[in-house]
1. Which angle from 0 to 90°, rounded to the nearest 10, does the C-alpha axis of helix 341-356 make with the longest principal axis of the chain?
2. Using 0.36 nm times the number of residues separating E355 and H89, minus their current alpha carbon distance, what extension gain do you get?
3. Fully extended, how many nm does the chain gain between R134 and Q311 (0.36 nm per residue separation, minus their Cα-Cα distance)?
4. What's the FRET efficiency of T194 with I127 using the Cβ-Cβ distance as r and R₀ = 25 Å, to the nearest 0.05?
5. Leaving out ligands, DNA and RNA, and with a 1.4 Å probe, what % of the accessible surface on the stretch 394-444 is carbon or sulfur?
6. How far apart, in nm, are two points set 7 Å out from the Cα along the Cα-to-Cβ line at D432 and at F455?
7. Quick check: the angle from helix 374-387's long axis to the longest principal axis of the chain, C-alpha only, nearest 10 degrees?
8. How do K150, K124, K145 stack up against each other in accessible area, from largest to smallest, with a 1.4 angstrom probe?
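The values are calculated or read from the model by the stated rules, or taken from the named source; none is laboratory data. Quick caveat: nothing in here was measured; it's all calculated off a predicted structure. Note that each Cβ is placed from the backbone with ideal geometry, even for glycine, and that neighbours are counted across all protein chains shown. Side chains are part of the model used for accessible areas, which takes the heavy atoms of the whole protein and leaves out ligands, DNA and RNA. Shrake-Rupley method; radii C 1.70, N 1.55, O 1.52, S 1.80 Å.
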Amino acid sequence: MTASADLWEGFDALDPQDITGPTWDEPVPIKARPALPTFPVHTLPAWLGNMVSGVAEETQTPVDLAGCLALAVLATAAGGRAKVCVRGHWREPVNIYTAIALDPGNRKSAVFDLMVRPLLAAEKTLIELSGPVRAEAETTIRLAKAAADKAAHKAAAAEPDTRDALTAEAVALTQAADAMTVPAIPQLVADDVTPENVGTLLDQQGGRISCLSAEGELFDIIAGRYTGKPNMGMFLKGHAGDMLRVNRQGREAQHIDAPAVTVGLAIQPEVLDSLSRIDGADGRGLLARFLYSKPLSLVGSRNLAPALLDQDTADTYTRQLAGLTLALAGWTDPAILTLTPEADAVMLAYQKVTESRLGKNASFATIVKWASKRDGAVARIAGLLHLAAPPEDGWHRSIDAPTMAAATELGDYFTAHALDVFDAMSADPAHDAAYTVLTHLQTGPCGTFSKRDLFRSLPRADFPTITDLDPALTLLEEHGWIRQTPPPPRTGRGGRPPSPRYETHPRISRSA
(Lines give C-alpha, C1' and ligand atoms only; values in the text may rest on other atoms or scores of the structure.)
Protein backbone atom coordinates (compact mmCIF):
# COMPACT_ATOMS: atom_id res chain seq x y z
CA MET A 1 0.00 0.00 0.00
CA THR A 2 1.40 3.39 -0.96
CA ALA A 3 1.32 6.57 1.06
CA SER A 4 -0.97 8.21 -1.48
CA ALA A 5 -3.63 5.50 -1.28
CA ASP A 6 -6.75 5.69 0.81
CA LEU A 7 -5.61 4.76 4.30
CA TRP A 8 -8.78 2.80 4.91
CA GLU A 9 -8.14 0.31 2.10
CA GLY A 10 -6.94 -3.09 3.23
CA PHE A 11 -7.96 -2.61 6.87
CA ASP A 12 -11.32 -4.37 6.62
CA ALA A 13 -9.59 -7.73 6.36
CA LEU A 14 -8.45 -7.42 9.96
CA ASP A 15 -10.37 -9.22 12.65
CA PRO A 16 -11.52 -6.71 15.28
CA GLN A 17 -10.23 -9.08 17.96
CA ASP A 18 -6.82 -8.89 16.33
CA ILE A 19 -6.47 -5.24 17.35
CA THR A 20 -4.33 -4.99 20.43
CA GLY A 21 -5.50 -2.97 23.35
CA PRO A 22 -9.08 -3.09 24.60
CA THR A 23 -9.56 0.67 24.60
CA TRP A 24 -9.10 1.37 20.86
CA ASP A 25 -12.31 2.03 18.93
CA GLU A 26 -12.72 1.76 15.19
CA PRO A 27 -11.10 4.86 13.65
CA VAL A 28 -13.05 7.10 11.30
CA PRO A 29 -11.54 7.09 7.78
CA ILE A 30 -9.66 10.14 6.56
CA LYS A 31 -9.59 9.79 2.80
CA ALA A 32 -7.36 11.40 0.23
CA ARG A 33 -8.98 13.72 -2.24
CA PRO A 34 -9.38 12.00 -5.61
CA ALA A 35 -7.00 12.85 -8.42
CA LEU A 36 -8.57 15.46 -10.67
CA PRO A 37 -8.63 15.15 -14.48
CA THR A 38 -6.39 17.28 -16.67
CA PHE A 39 -7.94 19.80 -19.05
CA PRO A 40 -8.81 17.90 -22.28
CA VAL A 41 -6.94 20.05 -24.80
CA HIS A 42 -8.00 17.77 -27.67
CA THR A 43 -11.58 19.05 -27.35
CA LEU A 44 -10.49 22.48 -28.62
CA PRO A 45 -10.20 23.45 -32.29
CA ALA A 46 -6.65 22.85 -33.56
CA TRP A 47 -5.64 26.53 -33.73
CA LEU A 48 -6.75 27.01 -30.13
CA GLY A 49 -5.49 23.70 -28.74
CA ASN A 50 -2.06 24.25 -30.28
CA MET A 51 -1.85 27.63 -28.58
CA VAL A 52 -2.89 26.18 -25.22
CA SER A 53 -0.32 23.39 -25.44
CA GLY A 54 2.41 25.75 -26.64
CA VAL A 55 1.78 28.29 -23.88
CA ALA A 56 1.68 25.57 -21.22
CA GLU A 57 4.98 24.13 -22.46
CA GLU A 58 6.86 27.42 -22.64
CA THR A 59 5.63 28.66 -19.27
CA GLN A 60 5.79 25.19 -17.68
CA THR A 61 2.31 25.57 -16.27
CA PRO A 62 -0.60 23.12 -16.20
CA VAL A 63 -2.55 23.10 -19.48
CA ASP A 64 -5.64 23.75 -17.36
CA LEU A 65 -4.66 27.38 -16.89
CA ALA A 66 -4.27 28.22 -20.57
CA GLY A 67 -7.20 25.94 -21.46
CA CYS A 68 -9.69 27.64 -19.15
CA LEU A 69 -8.43 31.03 -20.27
CA ALA A 70 -8.92 29.98 -23.90
CA LEU A 71 -12.62 29.39 -23.19
CA ALA A 72 -12.87 32.74 -21.38
CA VAL A 73 -11.18 34.51 -24.29
CA LEU A 74 -13.61 32.92 -26.75
CA ALA A 75 -16.49 34.02 -24.52
CA THR A 76 -15.08 37.55 -24.52
CA ALA A 77 -15.06 37.57 -28.32
CA ALA A 78 -18.56 36.09 -28.69
CA GLY A 79 -20.35 36.99 -25.46
CA GLY A 80 -23.55 38.92 -26.08
CA ARG A 81 -23.33 38.19 -29.79
CA ALA A 82 -24.61 34.60 -29.93
CA LYS A 83 -26.98 32.24 -28.11
CA VAL A 84 -27.37 28.49 -28.30
CA CYS A 85 -30.92 27.32 -28.94
CA VAL A 86 -30.99 23.93 -27.27
CA ARG A 87 -34.63 23.02 -27.57
CA GLY A 88 -37.84 25.01 -27.72
CA HIS A 89 -37.41 28.22 -25.77
CA TRP A 90 -34.26 27.05 -23.96
CA ARG A 91 -31.50 29.40 -25.06
CA GLU A 92 -28.09 29.82 -23.49
CA PRO A 93 -25.82 32.85 -24.02
CA VAL A 94 -22.20 31.98 -24.69
CA ASN A 95 -20.59 33.99 -21.89
CA ILE A 96 -19.03 31.95 -19.06
CA TYR A 97 -17.43 32.39 -15.62
CA THR A 98 -14.18 30.51 -14.96
CA ALA A 99 -11.96 30.42 -11.87
CA ILE A 100 -8.62 28.60 -11.90
CA ALA A 101 -6.91 27.99 -8.55
CA LEU A 102 -3.11 27.92 -8.48
CA ASP A 103 -0.58 28.83 -5.83
CA PRO A 104 1.74 31.84 -6.28
CA GLY A 105 4.84 31.17 -8.36
CA ASN A 106 2.98 29.38 -11.15
CA ARG A 107 3.53 32.11 -13.76
CA LYS A 108 -0.15 32.97 -14.06
CA SER A 109 0.65 36.47 -15.30
CA ALA A 110 2.80 35.11 -18.12
CA VAL A 111 0.02 32.80 -19.29
CA PHE A 112 -2.52 35.62 -19.08
CA ASP A 113 -0.29 37.85 -21.17
CA LEU A 114 0.14 35.27 -23.94
CA MET A 115 -3.54 34.29 -24.04
CA VAL A 116 -5.14 37.72 -23.55
CA ARG A 117 -2.77 40.09 -25.37
CA PRO A 118 -4.13 39.16 -28.85
CA LEU A 119 -7.61 39.96 -27.55
CA LEU A 120 -6.42 43.40 -26.50
CA ALA A 121 -4.92 43.82 -29.96
CA ALA A 122 -8.36 43.10 -31.43
CA GLU A 123 -9.80 45.66 -29.02
CA LYS A 124 -7.29 48.23 -30.28
CA THR A 125 -8.38 47.51 -33.87
CA LEU A 126 -12.01 48.04 -32.88
CA ILE A 127 -11.06 51.39 -31.34
CA GLU A 128 -9.29 52.44 -34.53
CA LEU A 129 -12.22 51.35 -36.72
CA SER A 130 -14.65 53.25 -34.50
CA GLY A 131 -12.69 56.51 -34.78
CA PRO A 132 -14.37 57.82 -37.96
CA VAL A 133 -17.80 56.74 -36.69
CA ARG A 134 -17.35 58.57 -33.41
CA ALA A 135 -15.96 61.65 -35.20
CA GLU A 136 -18.98 61.71 -37.51
CA ALA A 137 -21.35 61.35 -34.56
CA GLU A 138 -19.64 64.17 -32.66
CA THR A 139 -19.84 66.45 -35.69
CA THR A 140 -23.47 65.57 -36.34
CA ILE A 141 -24.40 66.30 -32.74
CA ARG A 142 -22.52 69.59 -32.77
CA LEU A 143 -24.32 70.68 -35.94
CA ALA A 144 -27.68 69.51 -34.61
CA LYS A 145 -27.22 71.49 -31.40
CA ALA A 146 -26.15 74.55 -33.38
CA ALA A 147 -29.27 74.25 -35.55
CA ALA A 148 -31.43 73.86 -32.46
CA ASP A 149 -29.83 76.94 -30.83
CA LYS A 150 -30.31 78.94 -34.02
CA ALA A 151 -33.97 77.89 -34.22
CA ALA A 152 -34.47 78.83 -30.58
CA HIS A 153 -32.99 82.30 -31.12
CA LYS A 154 -35.14 82.73 -34.21
CA ALA A 155 -38.27 81.71 -32.31
CA ALA A 156 -37.42 84.09 -29.47
CA ALA A 157 -37.13 87.02 -31.87
CA ALA A 158 -40.16 86.11 -33.98
CA GLU A 159 -43.39 88.01 -34.18
CA PRO A 160 -46.27 86.61 -32.16
CA ASP A 161 -48.08 85.20 -35.21
CA THR A 162 -45.08 82.95 -36.17
CA ARG A 163 -43.57 82.31 -32.74
CA ASP A 164 -45.56 79.15 -31.97
CA ALA A 165 -44.56 77.43 -35.18
CA LEU A 166 -40.89 78.44 -34.81
CA THR A 167 -40.91 77.36 -31.15
CA ALA A 168 -42.27 73.94 -32.10
CA GLU A 169 -39.50 73.62 -34.71
CA ALA A 170 -36.85 74.61 -32.15
CA VAL A 171 -38.18 72.08 -29.63
CA ALA A 172 -38.14 69.32 -32.24
CA LEU A 173 -34.57 70.13 -33.23
CA THR A 174 -33.46 70.21 -29.58
CA GLN A 175 -35.08 66.85 -28.85
CA ALA A 176 -33.44 65.34 -31.91
CA ALA A 177 -30.04 66.67 -30.85
CA ASP A 178 -30.48 65.40 -27.29
CA ALA A 179 -31.36 61.94 -28.60
CA MET A 180 -28.09 61.67 -30.50
CA THR A 181 -25.15 59.92 -28.83
CA VAL A 182 -21.51 59.36 -29.57
CA PRO A 183 -20.62 55.65 -29.51
CA ALA A 184 -18.39 54.73 -26.58
CA ILE A 185 -14.80 53.78 -27.22
CA PRO A 186 -14.90 49.98 -27.65
CA GLN A 187 -13.73 47.96 -24.67
CA LEU A 188 -13.72 44.19 -24.44
CA VAL A 189 -11.84 43.60 -21.18
CA ALA A 190 -12.00 45.22 -17.75
CA ASP A 191 -9.89 44.33 -14.73
CA ASP A 192 -10.37 45.88 -11.29
CA VAL A 193 -13.99 47.04 -11.57
CA THR A 194 -16.84 47.50 -9.12
CA PRO A 195 -20.30 46.05 -9.82
CA GLU A 196 -21.48 49.61 -10.51
CA ASN A 197 -18.74 50.08 -13.10
CA VAL A 198 -19.72 46.79 -14.70
CA GLY A 199 -23.24 48.16 -15.16
CA THR A 200 -21.90 51.33 -16.78
CA LEU A 201 -19.62 49.35 -19.09
CA LEU A 202 -22.45 47.06 -20.09
CA ASP A 203 -24.55 50.09 -20.96
CA GLN A 204 -21.73 51.60 -23.01
CA GLN A 205 -20.52 48.43 -24.72
CA GLY A 206 -23.73 47.10 -26.18
CA GLY A 207 -24.52 44.82 -23.26
CA ARG A 208 -21.27 42.92 -22.92
CA ILE A 209 -18.01 43.13 -20.98
CA SER A 210 -15.34 40.71 -19.78
CA CYS A 211 -13.45 40.67 -16.48
CA LEU A 212 -10.13 38.84 -16.96
CA SER A 213 -7.49 38.94 -14.25
CA ALA A 214 -4.52 36.98 -12.95
CA GLU A 215 -5.62 37.93 -9.43
CA GLY A 216 -8.77 37.39 -7.38
CA GLU A 217 -9.68 40.95 -6.39
CA LEU A 218 -13.05 40.62 -8.10
CA PHE A 219 -14.25 38.30 -5.36
CA ASP A 220 -13.15 40.81 -2.72
CA ILE A 221 -15.10 43.53 -4.54
CA ILE A 222 -18.21 41.35 -4.78
CA ALA A 223 -17.85 40.56 -1.08
CA GLY A 224 -18.05 44.30 -0.32
CA ARG A 225 -14.53 45.72 -0.26
CA TYR A 226 -15.79 49.22 -1.09
CA THR A 227 -19.38 49.11 0.18
CA GLY A 228 -19.10 46.97 3.29
CA LYS A 229 -21.77 44.54 2.04
CA PRO A 230 -21.95 41.96 -0.75
CA ASN A 231 -23.02 43.23 -4.16
CA MET A 232 -23.45 40.37 -6.60
CA GLY A 233 -26.68 41.20 -8.44
CA MET A 234 -24.82 42.56 -11.45
CA PHE A 235 -22.91 39.30 -11.82
CA LEU A 236 -25.96 37.12 -11.29
CA LYS A 237 -27.88 38.87 -14.07
CA GLY A 238 -24.78 39.28 -16.20
CA HIS A 239 -24.36 35.51 -16.33
CA ALA A 240 -27.99 34.62 -16.90
CA GLY A 241 -28.68 37.43 -19.36
CA ASP A 242 -31.61 38.74 -17.32
CA MET A 243 -32.81 42.27 -18.04
CA LEU A 244 -30.87 44.86 -16.05
CA ARG A 245 -32.13 48.29 -14.99
CA VAL A 246 -29.92 50.60 -12.96
CA ASN A 247 -31.31 53.82 -11.50
CA ARG A 248 -28.99 56.04 -9.50
CA GLN A 249 -29.64 59.49 -8.13
CA GLY A 250 -28.15 62.19 -10.35
CA ARG A 251 -27.43 59.82 -13.25
CA GLU A 252 -29.29 58.67 -16.29
CA ALA A 253 -31.01 55.30 -15.94
CA GLN A 254 -29.20 52.36 -17.52
CA HIS A 255 -31.21 49.66 -19.26
CA ILE A 256 -29.60 46.51 -20.68
CA ASP A 257 -31.99 43.96 -22.16
CA ALA A 258 -29.62 40.98 -22.16
CA PRO A 259 -26.36 41.67 -20.31
CA ALA A 260 -23.48 39.30 -21.02
CA VAL A 261 -20.60 39.33 -18.53
CA THR A 262 -17.63 37.00 -18.96
CA VAL A 263 -15.26 36.28 -16.06
CA GLY A 264 -11.87 34.58 -16.25
CA LEU A 265 -9.83 34.60 -13.04
CA ALA A 266 -6.69 32.90 -11.77
CA ILE A 267 -6.76 32.86 -7.99
CA GLN A 268 -5.00 31.28 -5.05
CA PRO A 269 -6.59 28.06 -3.76
CA GLU A 270 -7.48 29.58 -0.39
CA VAL A 271 -9.64 32.14 -2.18
CA LEU A 272 -11.88 29.31 -3.38
CA ASP A 273 -12.19 28.06 0.18
CA SER A 274 -13.25 31.53 1.32
CA LEU A 275 -15.91 32.02 -1.35
CA SER A 276 -18.55 30.18 0.62
CA ARG A 277 -18.15 32.77 3.41
CA ILE A 278 -19.39 35.59 1.16
CA ASP A 279 -22.83 36.33 2.53
CA GLY A 280 -25.42 35.06 0.04
CA ALA A 281 -22.92 33.75 -2.52
CA ASP A 282 -24.17 30.19 -2.20
CA GLY A 283 -27.83 30.87 -1.54
CA ARG A 284 -28.20 33.28 -4.46
CA GLY A 285 -26.32 31.03 -6.85
CA LEU A 286 -23.11 32.99 -7.51
CA LEU A 287 -20.91 29.99 -6.65
CA ALA A 288 -22.97 27.78 -8.95
CA ARG A 289 -22.24 29.97 -11.96
CA PHE A 290 -18.48 29.38 -12.02
CA LEU A 291 -16.59 26.67 -13.88
CA TYR A 292 -13.80 25.72 -11.47
CA SER A 293 -10.37 24.26 -12.09
CA LYS A 294 -7.82 23.13 -9.49
CA PRO A 295 -4.85 21.85 -11.49
CA LEU A 296 -1.79 20.25 -9.97
CA SER A 297 1.11 22.71 -9.77
CA LEU A 298 4.26 21.83 -11.71
CA VAL A 299 6.53 23.84 -9.40
CA GLY A 300 9.41 21.60 -8.38
CA SER A 301 9.23 19.41 -11.47
CA ARG A 302 9.38 21.99 -14.27
CA ASN A 303 11.57 21.65 -17.36
CA LEU A 304 14.01 24.54 -17.12
CA ALA A 305 14.73 24.46 -20.86
CA PRO A 306 11.27 24.04 -22.40
CA ALA A 307 10.33 24.36 -26.05
CA LEU A 308 9.34 27.92 -26.87
CA LEU A 309 5.95 28.83 -28.27
CA ASP A 310 5.96 28.35 -32.04
CA GLN A 311 5.57 31.70 -33.79
CA ASP A 312 3.23 30.28 -36.44
CA THR A 313 1.01 28.93 -33.66
CA ALA A 314 0.93 32.33 -31.95
CA ASP A 315 0.26 34.16 -35.22
CA THR A 316 -2.57 31.79 -36.15
CA TYR A 317 -4.11 32.24 -32.71
CA THR A 318 -3.92 36.03 -33.03
CA ARG A 319 -5.41 36.00 -36.51
CA GLN A 320 -8.26 33.60 -35.78
CA LEU A 321 -9.19 35.30 -32.51
CA ALA A 322 -9.17 38.73 -34.14
CA GLY A 323 -11.31 37.45 -36.98
CA LEU A 324 -13.95 36.07 -34.63
CA THR A 325 -13.92 39.19 -32.44
CA LEU A 326 -14.21 41.65 -35.33
CA ALA A 327 -16.82 39.60 -37.16
CA LEU A 328 -19.18 39.58 -34.17
CA ALA A 329 -18.42 43.05 -32.78
CA GLY A 330 -21.08 44.85 -34.78
CA TRP A 331 -23.92 42.43 -34.09
CA THR A 332 -26.86 43.98 -32.25
CA ASP A 333 -29.19 40.98 -32.29
CA PRO A 334 -27.42 37.78 -31.19
CA ALA A 335 -26.86 34.97 -33.66
CA ILE A 336 -29.00 31.94 -32.79
CA LEU A 337 -26.98 28.71 -32.95
CA THR A 338 -29.15 25.64 -33.41
CA LEU A 339 -28.28 21.96 -32.91
CA THR A 340 -28.32 19.25 -35.52
CA PRO A 341 -30.59 16.29 -34.60
CA GLU A 342 -27.49 14.27 -33.76
CA ALA A 343 -26.11 17.02 -31.53
CA ASP A 344 -29.48 17.28 -29.80
CA ALA A 345 -29.36 13.53 -29.11
CA VAL A 346 -25.92 13.91 -27.50
CA MET A 347 -27.21 16.79 -25.39
CA LEU A 348 -30.32 14.89 -24.33
CA ALA A 349 -28.25 11.89 -23.26
CA TYR A 350 -26.06 14.18 -21.18
CA GLN A 351 -29.10 15.78 -19.58
CA LYS A 352 -30.38 12.34 -18.57
CA VAL A 353 -27.10 11.57 -16.82
CA THR A 354 -27.21 14.89 -14.98
CA GLU A 355 -30.81 14.38 -13.91
CA SER A 356 -30.12 10.87 -12.62
CA ARG A 357 -27.38 12.20 -10.34
CA LEU A 358 -29.31 15.05 -8.74
CA GLY A 359 -31.27 12.94 -6.27
CA LYS A 360 -30.91 13.17 -2.51
CA ASN A 361 -28.34 10.39 -2.22
CA ALA A 362 -26.93 10.59 -5.75
CA SER A 363 -23.41 11.63 -6.70
CA PHE A 364 -24.32 15.28 -7.39
CA ALA A 365 -26.26 15.75 -4.16
CA THR A 366 -23.46 17.84 -2.63
CA ILE A 367 -23.29 20.19 -5.64
CA VAL A 368 -26.93 20.21 -6.65
CA LYS A 369 -27.02 23.97 -7.31
CA TRP A 370 -23.94 23.83 -9.48
CA ALA A 371 -25.00 20.63 -11.22
CA SER A 372 -28.41 22.14 -12.01
CA LYS A 373 -26.54 24.57 -14.27
CA ARG A 374 -24.21 21.92 -15.71
CA ASP A 375 -26.21 21.24 -18.86
CA GLY A 376 -26.52 24.95 -19.60
CA ALA A 377 -22.76 25.35 -19.18
CA VAL A 378 -22.18 22.52 -21.64
CA ALA A 379 -24.48 24.22 -24.16
CA ARG A 380 -22.51 27.46 -23.76
CA ILE A 381 -19.19 25.66 -24.24
CA ALA A 382 -20.58 23.91 -27.33
CA GLY A 383 -21.49 27.30 -28.77
CA LEU A 384 -17.99 28.62 -28.16
CA LEU A 385 -16.29 25.57 -29.69
CA HIS A 386 -18.63 25.79 -32.67
CA LEU A 387 -17.90 29.47 -33.31
CA ALA A 388 -14.17 28.79 -33.06
CA ALA A 389 -14.05 25.93 -35.58
CA PRO A 390 -13.67 27.58 -38.00
CA PRO A 391 -14.25 31.12 -36.72
CA GLU A 392 -15.33 32.61 -40.05
CA ASP A 393 -18.99 31.65 -40.41
CA GLY A 394 -20.12 29.49 -37.51
CA TRP A 395 -23.29 31.52 -37.10
CA HIS A 396 -24.52 30.18 -40.47
CA ARG A 397 -24.23 26.52 -39.43
CA SER A 398 -25.79 24.28 -36.77
CA ILE A 399 -23.73 22.80 -33.94
CA ASP A 400 -22.87 19.19 -34.84
CA ALA A 401 -22.61 16.07 -32.71
CA PRO A 402 -18.77 15.94 -32.44
CA THR A 403 -18.72 19.52 -31.15
CA MET A 404 -21.43 18.73 -28.60
CA ALA A 405 -19.56 15.58 -27.53
CA ALA A 406 -16.41 17.68 -27.00
CA ALA A 407 -18.43 20.10 -24.89
CA THR A 408 -19.77 17.26 -22.73
CA GLU A 409 -16.20 16.05 -22.14
CA LEU A 410 -15.32 19.53 -20.92
CA GLY A 411 -18.49 19.44 -18.82
CA ASP A 412 -17.27 16.26 -17.13
CA TYR A 413 -13.89 17.90 -16.50
CA PHE A 414 -15.46 20.90 -14.80
CA THR A 415 -17.83 18.64 -12.85
CA ALA A 416 -14.96 16.70 -11.29
CA HIS A 417 -13.25 19.92 -10.27
CA ALA A 418 -16.49 21.42 -8.93
CA LEU A 419 -17.04 18.35 -6.74
CA ASP A 420 -13.59 18.85 -5.24
CA VAL A 421 -14.05 22.61 -4.77
CA PHE A 422 -17.39 22.32 -2.99
CA ASP A 423 -16.13 19.39 -0.92
CA ALA A 424 -13.19 21.53 0.22
CA MET A 425 -15.54 24.40 1.08
CA SER A 426 -17.56 22.20 3.42
CA ALA A 427 -14.70 20.08 4.76
CA ASP A 428 -12.74 20.60 7.95
CA PRO A 429 -9.78 22.83 6.96
CA ALA A 430 -7.48 20.48 8.88
CA HIS A 431 -8.45 17.51 6.71
CA ASP A 432 -5.58 17.70 4.22
CA ALA A 433 -3.02 18.33 6.96
CA ALA A 434 -4.36 15.37 8.94
CA TYR A 435 -4.15 13.14 5.88
CA THR A 436 -0.53 14.21 5.32
CA VAL A 437 0.38 13.31 8.90
CA LEU A 438 -1.52 10.02 8.72
CA THR A 439 0.23 8.93 5.53
CA HIS A 440 3.55 9.84 7.12
CA LEU A 441 2.77 7.76 10.22
CA GLN A 442 1.64 4.89 8.03
CA THR A 443 4.98 4.75 6.20
CA GLY A 444 7.23 5.40 9.18
CA PRO A 445 7.93 3.78 12.55
CA CYS A 446 4.73 3.05 14.39
CA GLY A 447 3.70 2.68 18.00
CA THR A 448 4.47 6.00 19.66
CA PHE A 449 5.93 9.33 18.62
CA SER A 450 6.57 12.76 20.06
CA LYS A 451 5.15 15.88 18.56
CA ARG A 452 8.65 17.37 18.23
CA ASP A 453 10.05 14.33 16.39
CA LEU A 454 7.05 14.25 14.08
CA PHE A 455 7.51 17.92 13.24
CA ARG A 456 11.19 17.39 12.43
CA SER A 457 10.36 14.56 10.04
CA LEU A 458 7.65 16.38 8.06
CA PRO A 459 8.24 18.73 5.08
CA ARG A 460 8.64 22.30 6.22
CA ALA A 461 6.51 23.49 3.28
CA ASP A 462 3.51 21.65 4.76
CA PHE A 463 4.14 22.58 8.38
CA PRO A 464 6.27 25.75 8.72
CA THR A 465 6.00 25.81 12.54
CA ILE A 466 5.32 23.15 15.13
CA THR A 467 2.02 24.80 16.07
CA ASP A 468 0.81 24.16 12.52
CA LEU A 469 0.60 20.50 13.54
CA ASP A 470 -2.04 21.16 16.18
CA PRO A 471 -5.20 21.12 13.96
CA ALA A 472 -4.05 17.92 12.24
CA LEU A 473 -3.25 16.14 15.50
CA THR A 474 -6.55 17.24 17.00
CA LEU A 475 -8.48 15.89 14.02
CA LEU A 476 -6.57 12.60 14.11
CA GLU A 477 -7.41 12.25 17.78
CA GLU A 478 -11.08 13.00 17.13
CA HIS A 479 -11.12 10.35 14.40
CA GLY A 480 -9.47 7.78 16.66
CA TRP A 481 -6.18 7.33 14.81
CA ILE A 482 -3.92 8.58 17.62
CA ARG A 483 -4.24 9.39 21.30
CA GLN A 484 -2.05 11.44 23.58
CA THR A 485 -0.30 9.60 26.38
CA PRO A 486 -0.08 11.00 29.91
CA PRO A 487 3.06 13.10 30.38
CA PRO A 488 5.76 11.66 32.64
CA PRO A 489 5.99 13.08 36.17
CA ARG A 490 8.06 16.24 36.46
CA THR A 491 11.37 15.93 38.31
CA GLY A 492 11.28 19.42 39.75
CA ARG A 493 14.57 20.32 38.12
CA GLY A 494 13.04 22.90 35.80
CA GLY A 495 13.63 23.11 32.07
CA ARG A 496 11.12 22.99 29.32
CA PRO A 497 8.35 20.40 29.53
CA PRO A 498 8.74 17.28 27.41
CA SER A 499 7.14 17.24 23.98
CA PRO A 500 3.67 15.63 23.98
CA ARG A 501 3.71 11.97 23.01
CA TYR A 502 1.08 10.01 21.13
CA GLU A 503 0.18 6.39 20.54
CA THR A 504 -0.90 5.28 17.07
CA HIS A 505 -3.87 3.04 16.34
CA PRO A 506 -2.87 -0.58 15.61
CA ARG A 507 -4.44 -0.29 12.18
CA ILE A 508 -1.62 2.07 11.21
CA SER A 509 1.06 -0.45 12.10
CA ARG A 510 -0.79 -3.24 10.27
CA SER A 511 -0.97 -1.12 7.11
CA ALA A 512 2.73 -0.24 7.04
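1. Once rounded, the angle reads 40 degrees.
2. Values: separation 266, 0.36 × 266 = 95.76 nm, distance 1.94 nm.
My answer for the length gained is 93.8 nm.
3. The R134-Q311 span can extend by a further 60.2 nm.
4. Working: r = 23 Å, r/R0 = 0.93.
Step by step, r from the Cβ atoms, then E = 0.60.
5. 53
6. Spacing of the two 7 Å Cα→Cβ label points: 2.2 nm.
7. 60
8. K150, K124, K145
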